[in-house]
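Asks: Have a look at this one.
The values are calculated or read from the model by the stated rules, or taken from the named source; none is laboratory data. Quick caveat: nothing in here was measured; it's all calculated off a predicted structure. We place every Cβ from the backbone using ideal geometry, glycine too, and count neighbours over all the protein chains shown. These accessible areas exclude ligands, DNA and RNA; they are computed on the full protein's heavy atoms, side chains included. Shrake-Rupley method; radii C 1.70, N 1.55, O 1.52, S 1.80 Å.
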Amino acid sequence: MERIPILKVGEFLLVSIQVDMHDRLVLSLQDDLTAQVVVSRAKGVLIDISALDMVDSFIGRMLGNMAAMTRALGAETVVVGMQPAVAITIVELGLVLTDVRTAINVDKGMALLQNLLNESSVIDSHEFHEK
Amino acid sequence: MTTTTPNRIADVLTRHEQPILEDWLREQLAALSARQDLISEADLRRQSTEFLALFTPACRMGNLTDITTPEWKPGCDFLGDVSRSRAIQGFSPSETATFVFSLKQPLFTRLRQELGTDATALAEEMWSATVLLDKLGLYTTEVYQKTREEVIKRQQTDMLELSTPVVKLWDGIIALPLIGTLDSGRTNVMMNTLLQNIVATGSSIAIVDITGVPTVDTLVAQYLLKTVYAARLMGAECIISGIRPQIAQTMVHLGVEFGNVVTKSTLADALSYAFRQIGCTVTKPAQRA
């Protein structure tokens with residue numbers, strides 16, 4: 001069965017979806033991704049969907065779910081490169097993906113993750129000092 | 001009604017072609033006296049002569065009750081052309097239909113002269129001529145209407161294109177000044193152009209300026225929110241600017257909420273907010289002493 005590769009880039013994981021998504025593929029990606037976040041102790045996940053030109057409600061929801069899952073595991077997820085048609089579809093489907101952070105491209109997404117990481121490390125060190 | 005002897009009308013037309021044409025022209029000129037600026041007498045004469053030349057043979061060959069038959073096609077096509085050109089020139093529908101209807105008077109006069117003694121034949125011929133000319137008149141009105149609709153449709157698409165320009169304000173900041181009422185069709189166009197421009201320019205901030213939107217009701221707010229959410233999904237933050245005092249008041253009265261979308265009263269405020277977001281500062285050069 002085909003798999004979507006998950007690449008480790010520094011402290012982050014990069015998932016680039018280059019094939020048409022179908023339900024089983026998304027489910028296996030969800031398994032792989034959550035496992036990888038734990039194994040690699042990643043602080044952030046980038047999901048690049050710039051090659052994806054169609055989504056259905058299931059895949060849209062799974063994007064939100066994956067973001068929530070990785071957050072629970074301590075890694076922020078940023079979805080990058082969403083196509084206009086996909087964005088319009090998700091809005092028209094009425095899917096609320098408020099938890100999902102987004103960025104225009106991988107560059108900006110990486111910068112966003114780095115910012116989030118810096119902020120949280122500042123908070124962490126504050127907490128550490130107070131103790 | 002069965003076709004009695006359609007040739008009688010055709011005969012009258014052939015025999016009295018010139019006087020009928022003259023009478024007809026006089027009728028038309030009288031009806032269009034106020035429209036001399038739009039069409040010259042020479043043009044009118046040319047159109048009338050041409051139509052009579054197509055009308056007479058069609059009368060001779062065809063039945064007089066159905067103008068959809070092939071023998072009427074050249075006549076109808078010509079009428080369509082006349083009607084179309086008049087619609088574009090700015091004639092009113094009744095002025096356009098007058099072209100055909102004013103043929104009745106001269107035609108009936110000649111028919112009466114020819115068949116004056118035979119009352120039954122006269123009534124019959126007058127009836128079939130009336131039916132025929134009414135149909136042709138209605139046809140011109142129909143074409144006129146269609147032409148006007150085409151013009152309106154074209155103007156609408158023109159307006160759509162004109163009213164949704166996306167401008168680049170800075171590296172990574174684009175703005176979409178909206179003018180006019182928002183409906184679902186315009187929202188779709190607007191959303192598409194905005195999102196496509198976000199991708200093309202790689203902008204992370206999009207400012208939607210609604211200074212030119214006359215009213216914001218719940219529906220318009222919903223359209224705006226849809227656009228904002230779609231832009232956000234693509235990774236661009238959307239700012240809504242140009243909210244006038246009255247609009248702020250109506251929005252609160254209607255219970256319209258923009259949720260966590262940043263709204264500013266002027267485009268300048270939105271721009272300075274956008275600069276802060278992308279980490280740009282604007283400074284005046286130090287004044288020289």
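Asks: What dipole magnitude, in Debye to the nearest 20, does the protein assembly as shown give about its Cα centre under +1 on Lys/Arg Cβ and -1 on Asp/Glu Cβ?
Replies: Computed about the Cα centre, the dipole is about 880 debye.
Asks: Compute the distance in nm between two label points, each set 7 Å from the Cα along the Cα-to-Cβ direction, one at residue A:27 and one at residue A:57.
Replies: Taking the simple label geometry, residue A:27 and residue A:57 are separated by 1.8 nm.
Asks: State the percentage of accessible surface on the stretch B:68-148 attributable to carbon and sulfur atoms; use a 1.4 Å probe and exclude ligands, DNA and RNA.
Replies: 59
Asks: Determine the total buried accessible area between chain A and chain B, counting protein heavy atoms only with a 1.4 Å probe; round to the nearest 100 Å².
Replies: When A and B are taken together, about 1300 Å² of accessible area is lost.
Asks: Compute the whole-percent fraction of alpha carbon pairs in the stretch A:7-74 spaced more than 19 Å apart.
Replies: Roughly 27 percent, once rounded to a whole number.
Asks: Another question, then. Please give the per residue volume of the convex hull enclosing the alpha carbon atoms of chain A, rounded to a whole number of Å³.
Replies: In chain A, the Cα convex hull volume per residue is 103 Å³.
Asks: Net charge within 15 Å of residue B:124 by Cβ-Cβ distance, Lys/Arg positive one each and Asp/Glu negative one each, not counting residue B:124 itself?
Replies: After counting each charged neighbour, the total is -2.
Asks: At 0.692 mPa s and 37 °C, plugging the Kirkwood radius over alpha-carbon pairs of chain B into Stokes-Einstein gives what diffusion coefficient in µm²/s?
Replies: In µm²/s, the coefficient is 136.
Asks: Charges at C-beta only: +1 for Lys and Arg, -1 for Asp and Glu. How large is the resulting dipole of chain B about its Cα centre, in Debye rounded to 20? Don't skip to the end; give the middle numbers.
Replies: On the way: 27 positive and 31 negative charges, 256 e Å.
It comes to approximately 1240 debye.
Asks: Over all distinct Cα pairs, what is the inverse of the mean 1/r for the protein assembly as shown, reported as the Kirkwood hydrodynamic radius in Å? Working shown, then result.
Replies: Working: mean 1/r = 0.0361 Å⁻¹.
Mean inverse Cα-Cα distance, inverted, gives 27.7 Å.
Asks: So what's the stretch B:130-289 giving for Cα Rg divided by 2.2 N^0.38 Å, two decimals?
Replies: My calculation over the Cα atoms of the stretch B:130-289 gives 1.43.
Asks: Between residue B:17 and residue B:217, with labels modelled 7 Å along Cα→Cβ, what's the label distance in nm to one decimal, could you check?
Replies: Output for this residue pair reads 6.1 nm.
Asks: Taking a virtual spin label 7 Å from the Cα of residue B:244 along the C-beta vector, which residues in the stretch B:189-214 bring their backbone nitrogen under 12 Å of it?
Replies: Under 12 Å, as judged by backbone N against the label point of residue B:244, lie B:210-214 of the stretch B:189-214.
Asks: Could you tell me which of B:90, B:130, B:74 has its Cα farthest along the dipole of the stretch B:7-158 towards the positive end, charges placed at Cβ (Lys, Arg +1; Asp, Glu -1), taken about the Cα centre?
Replies: B:90
Asks: Let me ask something else. What residues qualify as long-range amide H neighbours of residue B:241, i.e. H under 5 Å apart, gap of 5 or more or another chain, H built at 1.01 Å from N?
Replies: B:208, B:209, B:210, B:264
Asks: Also: Could you name the lysines in cross-link range of residue B:146, using Cα to Cα under 17 Å and dropping any fewer than eight places away on the same chain?
Replies: Result set, ordered by chain and number: B:135.
Asks: Ordering A:77, B:117 by how much accessible area each has at a 1.4 Å probe, largest first, what is the list?
Replies: B:117, A:77
Asks: Let me ask you something else. Please compute P(r) over all alpha-carbon pairs of the stretch B:7-158, binned at 10 Å starting from zero, and give each bin as a whole-number percent.
Replies: Values per bin, smallest distances first: 11, 40, 33, 12, 3, 1, 0.
Asks: Using Cα-Cα distances under 8 Å and only pairs 6 or more residues apart, what relative contact order does chain A have, in percent? Don't skip to the answer; put the middle values down first.
Replies: Details: 181 pairs, mean separation 29.1, N = 131.
Reported as a whole number, the value is 22 percent.
Asks: At 222 nm, what helix-only mean residue ellipticity would chain B give, in deg cm²/dmol to the nearest 500, using -39500 (n - 2.57) for each DSSP H run of four or more?
Replies: Calculated at 222 nm, the ellipticity per residue is -21000 deg cm²/dmol.
Asks: For the stretch B:175-238, what ratio Rg/Rh do Cα atoms give with a Kirkwood hydrodynamic radius?
Replies: On the way: Rg = 11.1 Å, Rh = 11.7 Å.
My calculation puts Rg/Rh at 0.94.
Asks: Arranged from highest to lowest average of other beta-carbon atoms within 10 Å per residue, in what order do the peptides A:51-63, B:233-245 appear?
Replies: Details: A:51-63: 17.2, B:233-245: 21.6.
Peptide ranking by packing, descending: B:233-245, A:51-63.
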